[in-house]
Structures are given as C-alpha cells and as structure tokens.
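To keep things clear, I will list the structure first and then write my remarks on it.
The values are calculated or read from the model by the stated rules, or taken from the named source; none is laboratory data. Quantities reported herein were computed from a predicted structural model and do not represent experimental measurements. Quick reminder, even Gly has a Cβ in these numbers, built from the backbone with ideal geometry, and neighbours come from all protein chains shown.
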Ligand code: GLN
Ligand code: ZN
C-alpha cells in the first residue's frame, strides 16, 4: 500500500483567524491564554481537514514563523528579547516584531527575509561565535500530545540542522558551520525525546539541498546525519522547491530512512532518484503542487507513480510538493468565483483530496477512484479548451515578438539630450515614487464604491478631488516632476490585474507573507489582454491641473507576474511577455495623450531570481526583455523611469542597466547610500534617483541629512545624472509626515544646485 501524507498545512485559518487574533493580542485585547486557545482550535481544524492521511504533520503550526519556532526550540533566543519574567510568548513576539503585548518600549526586531524563492518571509536565526544551544521542546511535545489525543497519526516536522544554519546569519565573522557540533547535540536530544514518545517517523526539512552548496556544506551534511543516525525515529529527509541536481548523490548517501522529492519542480529527477534509491528507503514524491492553485493532472501523476509503486510498494509515499503554507486554505469558501473557473482550481483542502484520490487509485486500482479521475479529467479538458484561457490574437502577437520591439530608437546619450531640451529640468530634479498618503477617507470611498454604496460618478469626483489635492501640494512644495498620487489604487498589482482580461480574484485566497501579514495574489489564468486603457483618464486629468510634467505610473510586467498565482500550462516567460504587450499599449496611450514621463515599477524583479545562480541568466534574459518590450515603444523625448524597492544590485547590475530606463529610482536611505557600492565596479550609464527619505519610518529627514546623502551619492554617480526622491511610495505615511519631509527634500535640492553653481564659478 502506498502511503499518503502531507508536509505542512496553512496556519492562518480559512478566514485569517490567526491574523485577527495576533493583532488583537498585540493590542492587549486578547490574553495569552485566549491566543493559545485559538491556536489549539486552528490546529484541531487543520488536522480534521487532513483526516484520512497516513501521516499528518505536527509542528507546522506557528504563531508567527516556523523558523523562529525552531530558534526557540533550540534555545537560540537573542539576549535582548529574553523575558526576566512572564510569558515565553512575549519573548517570542519581541524577536518576531520588536515588541510584545504590553511592552512599553520596543527592541530591535529580528531580521526578516524571503523563504527560498517563495513570497513567505522567515525570521533569520541570529548566530555568532558565542551562540549556544539548549533544547526546549515543550511546544512541539505538547502539540504532539494534543494531536495524539485527537487521534491524529502524527509525524513531527522539524527544520533540519544544516538548513537551519544555512538560513542563519552571523555578524561577527564567525563561520556558521563551526556551530554545527553544538547544534547536533541538541538535535540528538530532540530526536531522543521524540523516540521516548514512540515517534516512528520525523520529517526533517532540508530544502537547502536544492541550492548550490560548496564542499563545506557537503561535509556538514555528512557530519550532521551521521551524528543523528541511530536507534531514534526514522528520518524522512525532505527537500522541496527545486531539483537536487549535483546534490542528489549527497542526499542518497546520508544515513536516513527516506527522502522526499518535489516532483513538480523536478519531474525529471523522479526516475533518477527512484533508480538510485538506497535499499529499504522510503521515496516520498510530491506530485501535487504546494505552490500554485491549479488542479493537478491526476491521470498523468498516476502514469508516473504506478510503475514506481510496483517496485516500492508501501515504501512509496505520496504528498504535495512542499508544505501547503503557500496556498490558500479552502476553495469552498469562495462564493463569487464563477463555476467554470472554480472547477480548475484547488486550494490546500482540495489538494489533499487529490492526494487521497491518488492513494485510492494506486492502492485499489484506478477503478476505485473512477469518479474523481473522470471529474479531474473533465476539469482539465475544460480549462485547456476554454475560450477564456485561449486568445488567438494574444498568442499570435507574442509569437511575432521581435527583438527590435524592445529597443529605443536612439541610445541613451541622444535621448538624454532630447529630453533635456523638452523638459528643461534643473540639476538634481526632484520627484516622488508615485503614491501619496492613502487616507482613511480614500479607503472609505473605495470601500463604498466596491460595495455599491457609492456610484461611479460620485467615486470619480472623490478621486479627482484627491488627485487635485496631491497636485496642489506638489506645486506648493515646488517639486519638479509631479505624480497623480495613486488614490484610486488599492494595490499596485491588483489595480492592473482587475482591468486586464485573463485575471481573476478570489475573496479568501489569502496566503501568509509574514507574521500576521497575508496577501491575496491575483490569479492569472488566461491569455492577457487590455480591453481599454487602465490609467489614462486619471493621469490625463492630473496633467490638466499643472504645467509641470506629470509622471504616468504603471506596474511592470515582471512585478505583476511575480506577485500573482500564474499559469502552470505555459512557461512564466510567456505570461510575462503577454503582460509586457498589455503594458506597452498603456505606455503608448499615455504618450499619445501627452504624458511624456512614464514610470514603470518593477518592485519585484529581484524576487523572481531562481534559487540557483546558474539559472539566473535565463530568468534575467526574459525579465529584462519583457520590461524593454513594455517600456521602449516610445519616442526619444519620452522619458522612461523605473523604480525598485531595493538596491542590492551588485549581482544583477548589468541586467538593470540593460533595461535601459532613462531614470531609475531605488531605495538607499536606510543603508546610508552604502548600497550604491555596486557602482564602484560598474558604471551605471543612465540617470538614477537614490532614495533620501526612508518611508518605512515616521521620521522626517532634515535638509542637512538629505544634502549629505546626496553628496555621498555623487561620489559614486556624476551629479548631472542624479535625481532627488524618497525611497518608495508614500501611501503608508500621513500627510503630516510627508509634507515636512518633502519640503526638506526640495530645499536640499536647491542647496545642492547652489553649491554646484558655486563650484562652476
Ligand atoms: N508607485 C508605487 C507607489 O508609489 C510603487 C510602490 C512600490 O514600489 N512598492 O506606491
Ligand atoms: Zn518601492
């Protein structure tokens, strides 16, 4: 009998119950005990949703982040957060977010970063030469007991020791791997504790195995698993998010009892791995994607699994490709999605049903799962053939893409001259990144409009009033290039997705981004087209209010792609090219309407980088190409800006330059312009606006601070090519903060200009 199991279940609850409870708790309106009770309730519900599986993950639930849970379990708690007294949960939230409920003062929150190539963020383990570990498995053991009381066939899930160190960071120059022996002692104790509870299998997550690892990491893997081998529970070495490639031999040489492969990202490794499987090992195959919201092709999965089942029998396990953390909980919550589209989708709950059908078909023959198989085949066929998915005109347009489409008419030097003559901007021109404060009033108007309580005309008038306000303020401030302020946008991707054909929106399709923050990615299901202009009316109205240049504001194709659930029936690059063509049409409409400066935001370009560096080139090729197609269909005089919320450019600066935007604005103020170091090695050829106002903080930068930051920037980039602007959009700030900050920014630019003139004379 093939076994069926799961690697992890979303912890936020079908209606984001966890988020609301966390936030209430942090405000002091929900006690520790009440929060714990809600946690137990969610776990119970999640276990019920996983009933019928042979092994159910325990330890995957978390009040903030499972990596942070691991740090606490290993006794790696930063000193600043340790409780003198009181609840362990308080210390936990102090590391997670700098502050526990009721704390008068905050501490530095732990650093947060992307979990592999997903949009989930974990709290980075803080490591140093002085780090010691000490087991504290209370939480995990309590949840194990709780699961067993509920009759759940529990399989504890832990982050593996090598991946734990791989995820961590040291700041004292100490080599993380020196901590391994001490860490292994604690892992040994943990496995012994689980053995005492009679645990047979432990899922030990080692996704670092799908990344490029140096020889020292290979040695660490050997050392770690040789030290953990022994009479304790059997270990299922669990990998996901990619191919094992050159690490496959390493993985199969470790003394464990089985391995999990993400067969969705590595379909070509199934055969290799099953052929190389050590005697007696379990092979767990993740054939249902834990990363997207599409129904799997069950028939196709069975074609792969049946022969392997023939050889391995009960040593074949079936699971989702990775934890279901990255998909929404339950499709049946959706009441507004149309039936056809719904029939193509599967959220966590439905993915487990697929796993059950696969188990039935393997163990009792396809006949036993006939109904489910037939329904699955029907849904896939309807999706393949649907007119909503296939748009011949779009497909032809993408086929006809030629390299010339992404090229400007003239090189930057010539364009810059033409633009200078047209705009006559001063040195150190000032601008902002797009959004102005999204006041409660704006959000209320949008909410009422959506709920049908405000008619289209009343809504338009309200938004126009906001645009007028933003324009008036910018004129008073004396900014050089204005924006309309994005009052009408809820979100920079959703706003465009809602107006493009080929996108759908769920009501409860939330996934955890970090802590209590959840996102609801749009669903890109079909060929993309733009039935009508998306931003033209607002931008044109804004331009009519001023004689200064109004900057049109668009989200770029790569960012729309990277922040959506995308199609699995065509390469990402193809969907990206389709988006590029739609944005290109918008750019040209804006240009035709007299908008001569257009910004195309690519906030998420870097996020799409593959885990392995050897694959970066291919991604960057089509990503940069897509941006160029979107941006470059304009005349020399039209100035293209792009914006990115980071400036870790060192490793991709050639690609950033290849985008060939006339101006790029980036985030640099918090790092004190240090991030511009990339420019030592590579001379960025076009204009650049390094942010001088940290919009993540309520602090108002002084004129002097801004002048100093810009002077620092001009050591790296010639002053003639510098712009003065904030780090990012201002939508999360209040007008009271924004106005003085921008006032200082404008006067700082003035001072820089005077200083520059002085040096000429
Ligand atoms: N134009 C967007 C804004 O100002 C950019 C946001 C972003 O880069 N995340 O809000
Ligand atoms: Zn930004």
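Descriptive notes on the structure:
- Filtered residue count, region 246-266, keeping only those that are touching a helix residue (DSSP H, G or I) at 6+ places or on another chain (Cβ under 8 Å) and surrounded by fewer than 19 Cβ atoms within 10 Å (Cβ to Cβ): 4
- Among strands (runs of 3 or more DSSP E) entirely within region 105-180, having at least 1 residues that are surrounded by fewer than 22 Cβ atoms within 10 Å (Cβ to Cβ) singles out 112-114, 121-123.
- One residue from 313, 290 being at positive phi and either touching a helix residue (DSSP H, G or I) at 6+ places or on another chain (Cβ under 6 Å) or at pLDDT 95 or above (or both): 313
- Residues being in a helix (DSSP H, G or I), within 16 Å of ligand 1 (Cβ to nearest atom) and closer than 17 Å to residue 487 by Cβ - total across region 725-741: 2
- Subset of region 447-505 [touching a strand residue (DSSP E or B) at 6+ places or on another chain (Cβ under 6 Å), closer than 30 Å to residue 427 by Cβ and more than 16 Å from ligand 1 (Cβ to nearest atom)]: 480
- Breaking point among (1) more than 16 Å from ligand 2 (Cβ to nearest atom); (2) closer than 19 Å to residue 661 by Cα, for residue 699: (2)
- Residue 581 meets the stated requirement of being assigned to a helix (DSSP H, G or I) and under 15 Å from residue 497 (Cα atoms).
- Condition check for residue 148: farther than 20 Å from residue 122 by Cβ and in contact with a strand residue (DSSP E or B) (Cβ under 8 Å, 6 or more places away or on another chain): yes
- Listed conditions (1) closer than 17 Å to residue 27 by Cβ; (2) part of a loop (DSSP other than H, G, I, E, B) are all met by residue 94, apart from (2).
- Residues satisfying the stated conditions in region 534-561, i.e. assigned to a helix (DSSP H, G or I), closer than 20 Å to residue 632 by Cβ and away from ligand 2 (no atom under 16 Å from the Cβ): 536, 539, 557, 561
- Residue match in region 317-325 (condition: in contact (Cβ under 8 Å) with a residue 40 or more places away in the chain, within 30 Å of residue 513 (Cα to Cα) and in a helix (DSSP H, G or I)): yes
- Residues in region 725-740 that are more than 16 Å from ligand 2 (Cβ to nearest atom) and surrounded by 17 or more Cβ atoms within 10 Å (Cβ to Cβ): 737 only.
- Leading residue by the ranking (surrounded by the most Cβ atoms within 10 Å (Cβ to Cβ)) among those in region 564-579 that are closer than 25 Å to residue 647 by Cβ and touching a strand residue (DSSP E or B) at 6+ places or on another chain (Cβ under 9 Å): 579
- Enumeration of residues in region 351-378 that are within 29 Å of residue 13 (Cα to Cα), in contact (Cβ under 8 Å) with a residue 40 or more places away in the chain and surrounded by fewer than 19 Cβ atoms within 10 Å (Cβ to Cβ): 356, 372
- Checking every residue in region 702-719 against the condition of being at pLDDT 95 or above and within 16 Å of ligand 2 (Cβ to nearest atom) gives zero matches.
- The sole residue among 405, 422 that is modelled with pLDDT under 95 and part of a helix (DSSP H, G or I) is 405.
- Selection from region 111-135 of residues that are over 31 Å from the mean Cα position of the chain (by Cα) and within 14 Å of residue 71 (Cβ to Cβ): 132, 134, 135
- Just one of the listed residues (623, 657, 635, 630) is under 18 Å from residue 409 (Cβ atoms), away from ligand 2 (no atom under 16 Å from the Cβ) and within 24 Å of the chain's Cα centre (by Cα), namely 630.
- Matching entry among 591, 615 (being surrounded by fewer than 24 Cβ atoms within 10 Å (Cβ to Cβ), away from ligand 2 (no atom under 16 Å from the Cβ), within 30 Å of residue 213 (Cβ to Cβ) and over 17 Å from the mean Cα position of the chain (by Cα)): 615
- Residues satisfying the stated conditions in region 563-588, i.e. more than 30 Å from residue 384 (Cβ to Cβ) and either under 18 Å from the mean Cα position of the chain (by Cα) or away from ligand 1 (no atom under 16 Å from the Cβ) (or both): 588
- Residue 389 vs. criteria surrounded by 14 or more Cβ atoms within 10 Å (Cβ to Cβ), in contact with a strand residue (DSSP E or B) (Cβ under 6 Å, 6 or more places away or on another chain) and at pLDDT 95 or above: yes
- Unmet criterion (only one of (1) in contact with a helix residue (DSSP H, G or I) (Cβ under 6 Å, 6 or more places away or on another chain); (2) at positive phi) for residue 434: (1)
- Checked against the criteria, residue 662 does not count as more than 16 Å from ligand 2 (Cβ to nearest atom), touching a residue at least 12 places away in the same chain (Cβ under 8 Å) and under 23 Å from the mean Cα position of the chain (by Cα).
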